[in-house]
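Below you'll find the structure, written out as structure tokens, and then a few comments.
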Amino acid sequence: MIFHYLMRRMFLLSFVFVALTIFAFSLGYLFPGDVLSNFTGLRNISPADEIVLRQQLGLDQGYWQQYIYFNQRILDGNWALSFSSQQNVLDEILNVMPATLELASYALLLSLLIGVPFGIIAAVRKDKWLDKLISGFALVGYSIPTFWWALLLIMVFSLTLGWLPTSGRLSVLYEIPRLSGFMLPDILGSDAPYRNEALFDAIRHLLLPSLVLATYPTTVMIRFTRESMLDVLEQNYIKTARAKGLTRLQVLYKHGLRNALLPVTRQVGLQFSTLITLAMITEVIFSWPGIGRWLIDSIYQRNFPAIQGGVLVVSSLVIAVNMFTEILHTLLNPLARK
Amino acid sequence: MKSIGSFATIILLTIFSSACQPILPTTRVNGLVYCAEGSPESFNPQLVTSGTTIDAISQHLYDRLLDIDPDNGELIPGLAESWQISDDGLTYRFQIRQGVEFHHTRYFSPTRQLTAEDVLFTFGRLLFVQHPFHQTATEYPYFDSVEWQQLVEKLTVISPMEIEFTLTKPDSSFLSTLATDFAAILSAEYGAQLVKNKTLADLDQLPVGTGPFLYRNYQKDILIRYYRHPKYWRQLPQMEQLVIDIVPDNTKRIAKLLTHECDVAPIPRLAELTLLSKREDFVIDAQTSMNVGYWAFNTRVAPFDQVKVRQALSYAINKSNIMQAVYFGQAEPANSLLPPTSWAYDKNLNIQRYDPQLAKKLLSEAGYPQGFQMDIWAMPVQRLYNPNALKMAELIQADLAQIGVQAHIVSYEWNTFRRKLRQGEHDSVLIGWSADNADPDNFLRPLLSCAAAISGSNRSNWCDENYDELIAKAVHTPILEERRAFYQQAQQYQAEQMPLVPIAHSKRFQVRSRNISGVRINPYGGINFTAAGKSL
């Protein structure tokens, strides 16, 4: 049963990836400029090299063959070079990816830690002033444009109060060797004499961007948890449990929460793609050296190989996360398996 | 997105920056952060001319044979302890300083101190085709522009600590060239190691010098990290670390200053200085810099081939308006190409009047009583010497209308603009020049000589034998007073002939936190942090 389900998902996933790679491949042709340059990232190719490269890429053969070669290069890690740095695009992406993942995961964590409890409180206190307050805040947070909100926070906490820095992941004076690319683990793993100061500084740098990035998903979580909780509280089994004499808290915890949070797990996956989009804006404003800023810079510089690689990686990531949470949701929820 | 962000930040900055003072973050790292405008193109000053790159690398990593005293522009000993010039002005002999150590880095461990071999290696690269590194660069822009290959005939190592340059003709700007940031001394031993390892390109990417700081690492578009050079031959820098934080966005740079993430930053936009000047925790340093903004007429095109027309136009423009509206009072009006800080500046030059009546009269005499139509090309980029060429063009347009001359403003994208200028398609152009060294020749030759009309930096396309003779005589004279006399004649002649109207010498600005000391603007070169200190 579950095996069949997983097979079906995998089958679907492979289709999505085929479509995605076809799209990424066709970008090489759709971008302006020389096709050979777009696929290799090399510029000013000499005529002698051009013949060799054309053969390697299969440009003298049909599109289908070229597409297969393209996929082989992707799988071998032999990606195009970035126009601006002449480095392998995959290496560049792996270099900037951890910063985004770190920021996004703290933001997601923050949105769960705030969103879920507040959603539950709002549901339990439905139509009371607390519910109205929380729902009101959620609506405001939901409607605020991210870039404006980011600037507002920078203005208050950085420029006026001077509490928090405006950009980057760590004060440039701290030199932390790169181990994983994730800042906090790297600092903890380093043996720098200023480890504690650096850790504190990194957290100060993290606060504003993760708060900004968490705002939208938090409000979605609040609203979603509230709706889902209200649905569950209407159910007959809740009434039964109450009738059997369980306290309100017991009912909420044992029967309400578990059922209400199931749809929320699914929501986490759906939020991920929004999170990545918002991360791009946040990264640009806070000069956060992640994949969002990297992609936007690449677009400014018309760095086609980088755009091609970036789109491929980001879309794959979003699809993979979506699929993963959906599978997780199915495993947790017997009803969904049918 | 970026522009929305910048726009919004600047508004917010304006409203709130004066509200209250931020709490200074405390760091235990003894270091200084300089926020630069861009990434360096290379780590070898021989290969670049851009001011951003020079500021980021030159004075920190390298020393030169001679240095320029920032107070009076005089040459002072650097890595050369002393020097002698032969009577015919053709040979220069330098005694190299003893006990100068090269940087010890993770990619190079020096085994010996500085000798004449290193000087030979450094300048040999620019001059000799058989030098192992000569071919690794396509050009040496600064040295090409002063025609060094034609000037220097040979280099001779006399003894381990003595070297001699032989020139093909006397050139009194030779020593100034050696004192520029571009004439940094490299290590011959490091060069030999790179040749052995066949990694020639590293010479320009992984620098080894004798300067106050040594290279630690570089992340493109993010930062450059330098450590103190523990065996520096001058007094040791106070700072253990120097970080060049690369922040291309003007607004973000200001925001970083306000939060004290930057200690020092160059601020090219004058409008933002007023904002920062209200804060007590910042100091704004200003200095008239070696530059000039000017309005050049294409003297090969009628009616600008007539001296009277050019003079008339020069009388027609109201410079004090321009000083206020374009430079916000942060520049000095110019009446020569040379800034008043130059030793060759002619104090007796007439100050260019604003006199539309005289301008009209001159125009009638030249045969244009009704005026004429012309184009003013305004450069599309901001430069220190001309922060807003379009606005300046509009002001000039209005002034010219008073004397019956109808001006059209023309602008192209920067690269196209320069290409079309080189092809001489313009009537007149608003542009400028920043000097690379303190020598007056650096202004007078590239901007108005016949050779420059061919190579393209002479935007007036003006070629005058008298003028060329004057500036040629000046470089061939070793006696300072005589040189000054020639240069003053050249300036007088230029003011008479008016192939271009000098407009302003702009000041250069830099903002630093009040707790930073010992950093100041060097009018003759890149920024220097050797004496910088930080109090907490």
If you scan segment B:424-460, which residues turn out to be charged (D, E, K, R) and surrounded by 19 or more Cβ atoms within 10 Å (Cβ to Cβ)?
B:D427, B:D436, B:D439, B:D441, B:R445, B:R459
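Matching residues to (1) open to solvent by less than 30 Å² (accessible area, probe 1.4 Å); (2) within 14 Å of chain B (Cβ to nearest Cβ):
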| position | (1), (2) |
| --- | --- |
| A:I154 | yes, yes |
| A:A214 | yes, no |
| A:M229 | yes, no |
| A:E234 | no, no |
Matching residues, segment B:144-193, being assigned to a helix (DSSP H, G or I) and touching a strand residue (DSSP E or B) at 6+ places or on another chain (Cβ under 9 Å):
B:L151, B:F174, B:L175, B:S176, B:L178, B:A179, B:E189, B:Y190, B:Q193
Pair list, Cβ under 9 Å, 6 or more apart: segment B:289-307 residue without any contact (Cβ under 8 Å) to a residue 60 or more places away in the chain, other residue of a type in the set (S, T, Y)
B:D305/B:T299
Inside segment A:1-100, counting only helices (runs of 4 or more DSSP H) that do not spill past its ends, which hold 3 or more residues that are of a type in the set (F, W, Y) and within 27 Å of A:T277 (Cβ to Cβ)?
A:2-30
Please work out if A:I327 is in contact (Cβ under 8 Å) with a residue 60 or more places away in the chain, within 14 Å of chain B (Cβ to nearest Cβ) and open to solvent by less than 60 Å² (accessible area, probe 1.4 Å).
no
Would you say A:Q56 is open to solvent by 30 Å² or more (accessible area, probe 1.4 Å) and in contact with a strand residue (DSSP E or B) (Cβ under 8 Å, 6 or more places away or on another chain)?
no
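Quick check on my filter: what residues within segment A:206-226 are over 23 Å from A:W288 (Cα atoms) and either touching a Lys or Arg at 6+ places or on another chain (Cβ under 9 Å) or without any contact (Cβ under 8 Å) to a residue 40 or more places away in the chain (or both)?
A:R226
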Can you tell me which of (1) over 22 Å from A:M280 (Cβ atoms); (2) within 13 Å of chain B (Cβ to nearest Cβ); (3) within 23 Å of the chain's Cα centre (by Cα) is the one A:A138 doesn't meet?
(2)
Given (1) within 14 Å of chain B (Cβ to nearest Cβ); (2) touching a residue at least 60 places away in the same chain (Cβ under 8 Å), identify the lone condition not met by A:L108.
(1)
Which of the residues spanning segment B:259-315 are part of a strand (DSSP E or B), polar (S, T, N, Q), open to solvent by 10 Å² or more (accessible area, probe 1.4 Å) and touching a Ser or Thr at 6+ places or on another chain (Cβ under 7 Å)?
B:T288
Selected residue (criterion: nearest to the other protein chains (Cβ to nearest Cβ)) from residues of segment A:69-79 that are surrounded by 14 or more Cβ atoms within 10 Å (Cβ to Cβ) and not hydroxyl-bearing (S, T, Y)
A:W79
State the number of residues belonging to segment B:493-506 that are buried (at least 21 other Cβ atoms within 10 Å of the Cβ) and not β-branched (V, I, T).
8
Applying the selection to segment B:348-378, what residues are at pLDDT 85 or above and either on the phi > 0 side of the Ramachandran plot or part of a loop (DSSP other than H, G, I, E, B) (or both)?
B:Y354, B:D355, B:A366, B:G367, B:Y368, B:P369, B:Q370, B:G371, B:F372
Find the residue count for segment A:299-323, including only residues that are within 12 Å of chain B (Cβ to nearest Cβ) and part of a helix (DSSP H, G or I).
2
Out of A:T282, A:T277, report the one residue that is surrounded by fewer than 22 Cβ atoms within 10 Å (Cβ to Cβ) and assigned to a helix (DSSP H, G or I).
A:T277
Quick check on segment A:228-249. Is at least one of its residues touching a Phe, Trp or Tyr at 6+ places or on another chain (Cβ under 9 Å) and in contact (Cβ under 8 Å) with a residue 40 or more places away in the chain?
no
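Listed here are the residues, each with its yes/no results for (1) modelled with pLDDT under 85; (2) touching a helix residue (DSSP H, G or I) at 6+ places or on another chain (Cβ under 6 Å); (3) among the hydrophobic types (A, V, I, L, M, F, W, C).
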site: A:F224; (1), (2), (3): no, yes, yes
site: A:A243; (1), (2), (3): no, no, yes
site: A:Q250; (1), (2), (3): yes, no, no
site: A:Y253; (1), (2), (3): yes, no, no
site: A:G256; (1), (2), (3): yes, yes, no
site: A:R266; (1), (2), (3): yes, yes, no
site: A:T277; (1), (2), (3): no, no, no
site: A:V284; (1), (2), (3): no, yes, yes
site: A:R293; (1), (2), (3): no, yes, no
Within segment B:76-106, how many residues turn out to be out of contact with any Pro (no Cβ under 9 Å at 6 or more places or on another chain), within 27 Å of B:D204 (Cβ to Cβ) and surrounded by 15 or more Cβ atoms within 10 Å (Cβ to Cβ)?
6
When segment B:229-249 is examined, which residues are found to be within 14 Å of another protein chain (Cβ to nearest Cβ) and crowded, with 19+ Cβ neighbours inside 10 Å?
B:M239, B:Q241, B:L242, B:V243, B:I244, B:D245, B:I246, B:V247
State yes or no: is B:I471 surrounded by fewer than 15 Cβ atoms within 10 Å (Cβ to Cβ) and under 25 Å from B:D171 (Cα atoms)?
no
How many residues are open to solvent by 30 Å² or more (accessible area, probe 1.4 Å) and under 15 Å from the mean Cα position of the chain (by Cα) if we restrict to segment A:80-107?
4
Unique residue being open to solvent by less than 40 Å² (accessible area, probe 1.4 Å) and without any contact (Cβ under 8 Å) to a residue 60 or more places away in the chain when the list is A:I307, A:I296
A:I296
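The values are calculated or read from the model by the stated rules, or taken from the named source; none is laboratory data. Keep in mind that what you see is a predicted model, and the values were worked out from it rather than measured. Here the Cβ is made from the backbone with ideal geometry for all residues, glycine too, and neighbour counts use every protein chain on show. Ligands, DNA and RNA are stripped out before the accessible areas are found, and what is left, the full protein with its side chains, is counted by its heavy atoms. Shrake-Rupley method; radii C 1.70, N 1.55, O 1.52, S 1.80 Å.
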